[in-house]
Amino acid sequence: MKVLAICGSHREESNTNKIVKRVAESSGIDFELVEVSKLEIKPCTGCAACMMNEGQCVIDDDMQGVYDALMETDALIIGSPTYYMDVSGAVKSLIDRSMAIYYRGVGPEYNPDMPWMGQRPLADKPAVVVTTVAGGGHERTLETLTMCIGDIHRMKLVAKIAEVVKMDDVDDMPEVMQRAEDAGRKLGQALAQQ
Ligand SMILES: Cc1cc2nc3c(=O)[nH]c(=O)nc-3n(C[C@H](O)[C@H](O)[C@H](O)COP(=O)(O)O)c2cc1C
């Protein structure tokens, strides 16, 4: 069993990334961290080559390693800071590019009447989504993450974390870290039941 934990913020002392890590550590399962700040992930160009090419994206960058990790994982944690009341551009690029895995011949069809929508290799696997925000706008970030990871990738969202942190540090907010630990435990339990 393995959990993939995607830390979406580029900030060194990122609150979002700290929560993602705490969720992963609390799951009790081996986890792999993907630090988006350390990777080059270019935007999806919409070329649709992946749709014709067994899910192979033609962009030669660090997303290639993320594809492998997504295909191998049993569960996902993904965190994005809230930027302009939604996910950050960096996280959205990763999510956009994740479309390629729909065409690797793995998982249930999204909709048999719409074969161009491909398959869902992550279907029914448990996931946790995370955002932090200074003041407001996190509701829409959660909506985006729920739609992309829950509705479109068809993962089972066991917890959604959205924390209003002002300009503070979550290391000084034990109630926030408690919620992260609770979410991690839920993720571990969901995996045990798989
Ligand atoms: C480009 C940008 C846009 C932001 N947009 C919002 C926003 O819409 N609402 C808000 O309350 N805070 C906003 N913030 C503040 C961040 O949401 C907040 O600092 C967040 O906790 C950063 O997460 P991190 O510590 O994981 O990087 C924005 C910050 C940046 C850099």
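Nothing in this text is a laboratory measurement; each read-out follows from the coordinates by a stated rule. Computed from a predicted structure; not experimentally measured. Cβ coordinates were reconstructed from backbone atoms using ideal geometry, including for glycine residues, and neighbour counts include every protein chain displayed.
Under a 5 Å amide H cut-off, with hydrogens placed 1.01 Å from N, I77 pairs with L4, A5, I6, V128 among residues at least 5 apart or on other chains.
When only C-alpha pairs under 8 Å and at least 6 residues apart count, what is the relative contact order of the stretch 3-192, in percent?
Computed over the stretch 3-192, the figure is 26 percent.
Cut-off under 14 Å on the C-alpha distance; same-chain residues fewer than 8 positions from K21 excluded. Which aspartates and glutamates are left, in chain and number order? Straight-distance partners of K21: E12, E13, D30, E32, E35, D171, E181, D182. Each residue of the stretch 131-137 was assigned a 3J(HN,Hα) from its phi angle through the Karplus curve 6.51 cos²θ - 1.76 cosθ + 1.60 (θ = phi - 60°); the sequence is 9, 10, 8, 6, x, x, x Hz, with glycine and proline shown as x. Once the other residues with Cβ under 15 Å from the Cβ of E139 are scored (Lys, Arg +1; Asp, Glu -1), what is the net sum? With Lys, Arg at +1 and Asp, Glu at -1, the neighbours total -1.
How much length is gained on full extension from T146 to M52, taking 0.36 nm per residue of separation minus their Cα-Cα distance? Numbers along the way, then the final one.
Numbers: separation 94, 0.36 × 94 = 33.84 nm, distance 2.75 nm.
31.1 nm is the gain from fully extending T146 to M52.
Ordering G65, M51, T16 by Cα displacement along the dipole of the stretch 1-87 toward the positive end leaves T16 in first place; charges were set at the Cβ atoms of Lys, Arg (+1) and Asp, Glu (-1).
What GluC sites (Glu not before Pro) in the stretch 25-101 are in a loop by DSSP, with at most 12 other Cβ atoms within 10 Å of the Cβ?
Numbers: sites: E25, E32, E35, E40, E54, E72; in loops: E40, E54.
Qualifying residues, ordered by number: E40, E54.
Residue-wise HN-Hα couplings along the stretch 146-163, as the Karplus relation 6.51 cos²θ - 1.76 cosθ + 1.60 with θ = phi - 60° gives them from phi, are 5, 5, 6, 8, x, 6, 8, 6, 6, 7, 9, 7, 8, 7, 10, 10, 9, 10 Hz; Gly and Pro carry x. Between the residues P115, V133, I78, the greatest Cα displacement towards the positive end of the dipole of the stretch 52-182, with unit charges on the Cβ of Lys, Arg, Asp and Glu, is found for P115. With both bridge residues required to lie in the chain, what share of the DSSP beta bridges run antiparallel, to the nearest 5%? Within the chain, antiparallel bridges account for around 10 percent of the total.
Hey, can you grab everything whose amide H is under 5 Å from the amide H of K125? Only 5+ residues off in sequence or another chain; H modelled, so Pro and N-termini drop out. The list, which skips near neighbours in sequence, is K156.
Is the shape of the stretch 138-194 best called rounded, prolate or oblate, per the rule: a/c under 1.5 gives rounded, else a/b larger than b/c gives prolate, else oblate, with a ≥ b ≥ c the square roots of the Cα gyration tensor eigenvalues?
Values: a/c = 4.31, a/b = 1.29, b/c = 3.35.
Because a/c hits 1.5 or more and a/b fails to exceed b/c, the stretch 138-194 counts as oblate.
For the stretch 3-192, give the magnitude of the charge dipole about the Cα centre (Cβ charges: +1 Lys/Arg, -1 Asp/Glu; no others), in debye to the nearest 20.
Details: 19 positive and 30 negative charges, 79 e Å.
Dipole of the stretch 3-192, to the nearest 20 debye: 380 debye.
V164 to M71: extension gain in nm, 0.36 nm per residue of separation minus the Cα-Cα distance?
Working: separation 93, 0.36 × 93 = 33.48 nm, distance 3.22 nm.
Full extension from V164 to M71 adds 30.3 nm.
Legend: residue pairs K18/K125; K38/K186; K18/K160; K125/K166; K2/K166; K92/K166, Cα-Cα distance threshold 26 Å; pairs beyond threshold, K38/K186; K125/K166; K2/K166. In terms of its C-alpha gyration tensor, the chain comes out prolate, because a/c is 1.5 or above and the ratio a/b outweighs b/c.
Is the shape of the stretch 99-194 rounded, prolate or oblate, going by the alpha carbon gyration tensor and its root eigenvalues a ≥ b ≥ c, with a/c under 1.5 for rounded and a/b larger than b/c for prolate?
Details: a/c = 3.68, a/b = 1.83, b/c = 2.01.
Because a/c hits 1.5 or more and a/b fails to exceed b/c, the stretch 99-194 counts as oblate.
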